[in-house]
Each structure stands twice: as structure tokens, then as C-alpha cells.
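**Q** Below is the structure I would like to discuss, written out as C-alpha cells.
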Amino acid sequence: MAVLAARAQINSAQARAALCGLLMALTACNQPQRAPASQFKLAEATVASIHAAFSSGQITCTQLVQMYLDRISAYDAKGPALSAIITVNPKALDLAADMDRNYKTNPSSAGPLYCIPVILKDNFDTFDMPTSGGNITLKDSVPPKDAFAVKKIRDAGAIILAKANLSEFARGGQSVSGLKGQALNPYDLKRTPGGSSGGTGAAIAANFAVLGTGSDTGQSIRSPASANSLVGVRPTRGLISRNGVIPNSITQDEIGPITRTVEDAARLLDVIAGYDPADPVTALGVGHVPKSYLDTLDANGLKGARLGVMMNMFGSDAVHAEVNRVTEEAILSLQTLGATIIRFNLSEYNDLSTRVDTDVYEAKVAFDAYMATRGPNAPAKSLADIVAAGRAHPMIQAILQRELSIKDGLNNPEYKDHMLARDKLRVATLRVMADQSLDAIFYPHQRRLVAKVNEPQLERNGTLSHGTGFPAITFPGGFSAEGVPIGVELLGREFSEPMLLKFAFAFEQGAKVRHPPQSTPPLPGER
């Protein structure tokens, strides 16, 4: 009997220990805890570091959201006055409190983006906040439902913290809008944050949230990534639904992540990639979405890679010197990390790249079809209504007027020539990759530093991706002598995102070039 009693006590002790372990994970156990291996810091926080802090009881969802709201309050309209944010979610703290209550009772139900604050470019539909496109006419217009990708983000447990400034209606590359004005680059307040997703780029660089979204018609995800020392992914055409995002183009538009790390870009891709019947082009992606984009991330992932450096993506004048220097240093790092470098020129690119844009011909049809989804109470029904209202930023108003002036754009002979040129560029790109046995093509995202405010954004290299539909990832390559970020880009074949992420991750882990901007330091008392 004594033996049985002892066993019962042991089993009871084991049960109590297991229960206490669970309660400690829920931050509701009063027993002493060991100090965590690392203390949580908000600066440069990632999905993984935040989730670790939740599980160890260092922070709550409410505390986390409040810290990001404090940073927006301190730095968006005040301090450096980045003008990166159009709308802050007024219910963000209420949502966080609900998540805290749910987590205490059922932590296993937390989704992959549980309580991760996300900033959306303000052309992504949200049922609970206006979607303005940066336009004054739409500043109070709330869509009837979330964009397809936004719903997936919410379903994964994320909190939509804010909507970001942008080049109005995602036209242009300087991130200036009639509603919010000019967004600024937190690394150099005299410069733009790229565009058109520059508000998202500035916000994520300044640590206003963990994850951001952008749309990319030309290079509008990757330009802000380059300008703000971030990671931006333009996915393969058909991988992610554009449904519920104010469009520029039927052919060119894509949406994707803007993040501080490659790993977090992979996490967001895991959530938003997939088929949507409302965007039929996503049928092209069926069967091409891996179990997880995290699976291929490998710090040794560049060993054995064959990367082609496309030399006609570089400039040769003094204005190009800093970008060339940083890119060459990145090439040396790629080689040190195990990649074989093959330099080449794609001779067809210089001609074809000027004839692959389709957006101006498709804009009216795409925009009018989208506005029909905004419901009968929308303050505008068409592109013509927006132009007639005349409330866009003057720079954008001129672009919209040009788009409206094109009649029957889808039957325009020039449009058909541009579609043919796109196919020629695809074949030329694949041919050189086959001839040189390349895994991916490498180049600077743009040939000169990001533009200063009120100057045009020149010499971007995003056309190779948007003109072919092939995926590209932009990631930090380094900084100019004055501290301006310079991004580098990898492009691969269709649905090669896992490989591109692997290569970019290996570079990120090996080169470690990113640092946060000085204009938005940690706040007093910030963890």
C-alpha cells in the first residue's frame, strides 16, 4: 500500500507540474519563473520574437499594440513627421484586449500571426476603416468587406493597426497624396521613401508595426523596400489575389509583403498566397504554393547557387557611383557565402523594357470595375468621377487625366504591341537563364539613390519583374556614404519564391547590413 501511495503522490506531482507549466505559459501561474533567455525589445521586433515574448509572459497583446501606437503618435505627425500613416485603427486596443482574454483561456488557438500589428497600404479594402487610395474624395469611404488578402491576414490572428500613405491611387513613385501629402524617408528626411507603397515602407522602417503590405504595378513594393532597408516581395503573377485592392492594371498589378526580415516576409506569404475565384488569374498559382515558405530558409542557402549579374542594370555616371559600390560589395558577399557569379548583358532588355507597360491602357477598365464593388453609397463610381472632382494631388491628377483620355484601351494597337513585347521579354530572360544555367538574376533595384522630395524618381530596374510576371525579392544591400539605404534584387523563374527567399535569407544572415533609422529611436521606457 505504501508503494501505491508513493506512486500516486508522484503521479499527482507530475500532473500538478504539467498544469503549472501550462499556466505559466498563460502568464497566470504565480510560481517563480526562470529569467527568459533574452529580454524582449520592440526595436526590430519580428513575429518570432513577439510570439516568444507572449509565451514567456514578458508582454501582452495590449502592451504590444500600445507601444506601436505610441511610436506612431511620436513620429508620424510629430518629431520627424514622416506622414506615413493615413488612418489608425480606432479599435486596435479593444481587439488586443480581446486577444489577451482569448489567449489566457486557449493559447493553442492563436493563429500564425496572432496579435501581430500590420500596416496596410491604403488601397487595400478594409470593412472597418476607410480605403481612400490617398484621395480626398474617398477619405471617408468604407468598403463593404475586406480585400481577400486582408481577410486572410485577420483570420491568421493579426491586428490591422493602420492604413499607410502612398502615391495617390498607387500612381507614381514618390508617395505623395492629396489626402496626406508627402511621406518622408526616415533614413533621410530630405528624401522620399520610394513609392508607391512608400508610406508602408517608411512605417515599417520606423517600427510602427511588424508587417506591411504593398501593391506593385511597376516596382511599388520593391522601391520602398530598397529606399528603407527592407525586404519586399513582388510575387509571380497569379500567386496572390488582387481582389479588393484599388487597381492600376489588369496585367501588371501584384501585392505582397514589406517587412524588416526575410523570415517575416515568408510568414506573410504563407498567409496570403492562394487561389481566389474572384481573381481568376490566381488559378495560375494552384499547385505552386508550398506547405510553408519558411521551409527553405537556410543560412547556407547560397552555397552552390549560380547567380547572373545583369550588367545593363547598372549606370556608369557619377550619380550611379554609390549604388554601384554597394552592389559590388553585395556581390562579393554573395561569393563569400558560396554563390557563383556570372556577369552578362541582356541585350533585348534596353529596347523591350520601354514597351512592356500595360497600365495606362487598362487603368480605366480596371478602376471602374473596382469602384462598382464599393457599393451605392461610394462618393465616386468611376475614374471619370474622380477626375471630374479634381481633388487629387496635381501630380496624380495629370496621370489620371491621361488614363481617362485613352478610349477603348484594351483594343488599342499599342496595347497589343506591348502585350507582345512582354512575351518577348519573358522568352529573352528565360533564354539567358537557360544558356548560363542560372538560378536567379541579381542587380541593384535602382541605379541611383532614392529621389529627394520634389524630384522625379529615375532609373528604377523593376521592369524586369513587372514586364515578365516573374517573381522578384528586394532586400537591403547596404548604405551610401550619407546613410541612404540601397536595395538589391533577385529575380527568378515563375513560382521560384522559395528559392529567392532562401538566397535572400542567406545573404541577410551572412552580410547583416540592415540597421534602423536614427530619426525614430526607441522612446523613453520602450522595451
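**Q** Helix 262-272: angle to the longest alpha-carbon principal axis of the chain, degrees 0 to 90, nearest 10?
**A** With both axes taken from Cα atoms, the answer is about 90 degrees.
**Q** So for the range 408-522, taking the charge dipole from beta-carbon charges (+1 Lys/Arg, -1 Asp/Glu), which of GLY510, ALA451, LEU410 sits furthest toward the positive end?
**A** Going by the Cα projections, it comes out as GLY510.
**Q** Still on this model: What dipole magnitude, in Debye to the nearest 20, does the range 388-476 give about its Cα centre under +1 on Lys/Arg Cβ and -1 on Asp/Glu Cβ?
**A** Roughly 180 debye for the range 388-476.
**Q** Give the Kirkwood hydrodynamic radius (Å, one decimal) of the chain, defined as one over the mean of 1/r across all pairs of different Cα atoms. Don't skip to the answer; put the middle values down first.
**A** Details: mean 1/r = 0.0422 Å⁻¹.
Taking every pair of different Cα atoms in the chain, averaging 1/r and inverting gives 23.7 Å.
**Q** So how strong a dipole does the range 52-139 carry about its Cα centre when Lys and Arg Cβ are +1 and Asp and Glu Cβ are -1, to the nearest 20 debye?
**A** About 120 debye.
**Q** What are the extents of the Cα atoms of the range 294-434 along their three principal axes, listed from largest to smallest and rounded to whole Å?
**A** 58, 37, 35
**Q** Going highest first, how would you order 304-314, 79-89 by mean Cβ packing within 10 Å?
**A** The most tightly packed comes first, giving 79-89, 304-314.
**Q** Another one. Please express the Cα-Cα pair-distance distribution P(r) of the range 194-282 as a list of whole percents, one per 10 Å bin, running from 0 to the bin with the greatest distance.
**A** 20, 52, 26, 2
**Q** Under a straight-distance cross-link criterion of Cα-Cα below 20 Å, which aspartates and glutamates are reachable from LYS78, leaving out those fewer than 8 residues away in the same chain?
**A** LYS78 reaches ASP70, ASP188, GLU526.
**Q** Something else about it: What angle, in degrees between 0 and 90 and rounded to the nearest 10, separates the Cα long axis of helix 2-25 from the longest principal axis of the Cα atoms of the chain?
**A** Once rounded, one gets 30 degrees.
**Q** For the chain, take the longest principal axis of its alpha carbons; what is the angle in degrees between that and the long axis of helix 321-336, to the nearest 10 within 0 to 90?
**A** The answer is roughly 50 degrees.
**Q** Which net charge results for the neighbourhood of ALA511, defined as the other residues with beta-carbon distances under 14 angstrom from its beta-carbon, given Lys and Arg at +1 and Asp and Glu at -1?
**A** Neighbour charge sum, excluding ALA511 itself: -1.
**Q** Sticking with this one: Roughly how much of LEU332 is accessible, in Å² to the nearest 10, using a 1.4 Å probe?
**A** Ignoring ligands and nucleic acids, LEU332 comes out at about 110 Å².
**Q** Work out the length of the dipole vector of the range 307-407 about its Cα centre, built from +1 on the beta-carbon of each Lys and Arg and -1 on the beta-carbon of each Asp and Glu, and round it to the nearest 20 debye. Walk me through the numbers on the way to the answer.
**A** Details: 9 positive and 12 negative charges, 93 e Å.
Dipole about the Cα centre, nearest 20: 440 debye.
**Q** As a check on your grasp of the helix formula, calculate [θ] at 222 nm for the chain: sum -39500 (n - 2.57) over DSSP H runs of n ≥ 4, divide by the residue count, round to the nearest 500. Kindly include the intermediate steps, with their values, before the conclusion.
**A** On the way: 16 runs with 189 residues, N = 527.
Here the helix-only value at 222 nm equals -11000 deg cm²/dmol.
**Q** Keeping all protein chains in place and using 1.4 angstrom, which order do GLU497, GLU482 fall into by accessible surface area, from largest down?
**A** GLU482, GLU497
**Q** Excluding ligands and nucleic acids, what accessible area in Å² is computed for ILE399 using a 1.4 Å probe, to the nearest 10?
**A** We get 60 Å² for ILE399.
**Q** Leaving out ligands and nucleic acids, note down the accessible area per residue over the chain with a 1.4 angstrom probe, in whole Å².
**A** Here the per-residue accessible area is 39 Å².
**Q** Add +1 for every Lys or Arg and -1 for every Asp or Glu among the other residues with Cβ under 14 Å from the Cβ of ALA472, and state the total.
**A** Every neighbour counted, the sum reads 0.
**Q** Moving to a separate point now. I'd like the antiparallel share, as a percent to the nearest 5, of DSSP beta bridges with both residues in the range 96-213.
**A** Antiparallel bridges: around 30 percent, rounded to the nearest 5.
**Q** Can you give the net charge of the other residues whose Cβ lies under 15 Å from the Cβ of ARG306, counting K and R as +1 and D and E as -1? Spell out each step's value before the answer.
**A** On the way: positive: LYS303, ARG343, ARG493, LYS502; negative: ASP435, ASP439.
Overall, the nearby charge balance is +2.
**Q** Here's another thing I want to ask about it. Sort 209-219, 130-140, 425-435 for me by packing, meaning the mean count of neighbouring Cβ atoms within 10 Å per residue, highest on top.
**A** Ranked by mean Cβ neighbours within 10 Å, highest first: 209-219, 130-140, 425-435.
**Q** Which whole-Hz couplings ³J(HN,Hα) result when phi for each residue of the range 473-482 is put into the Karplus expression 6.51 cos²θ - 1.76 cosθ + 1.60, θ = phi - 60°, listed in order with x for Gly and Pro?
**A** Running phi through 6.51 cos²θ - 1.76 cosθ + 1.60 with θ = phi - 60° gives 10, 9, 8, x, x, x, 9, 5, 4, 8 Hz.
The values are calculated or read from the model by the stated rules, or taken from the named source; none is laboratory data. Because the structure is predicted, anything quoted here is derived from the model rather than measured. Positions of Cβ are backbone-derived with ideal geometry, glycine not excepted, and every protein chain shown enters the neighbour counts. SASA here: full protein model, heavy atoms, side chains in, ligands and nucleic acids out. Shrake-Rupley method; radii C 1.70, N 1.55, O 1.52, S 1.80 Å.
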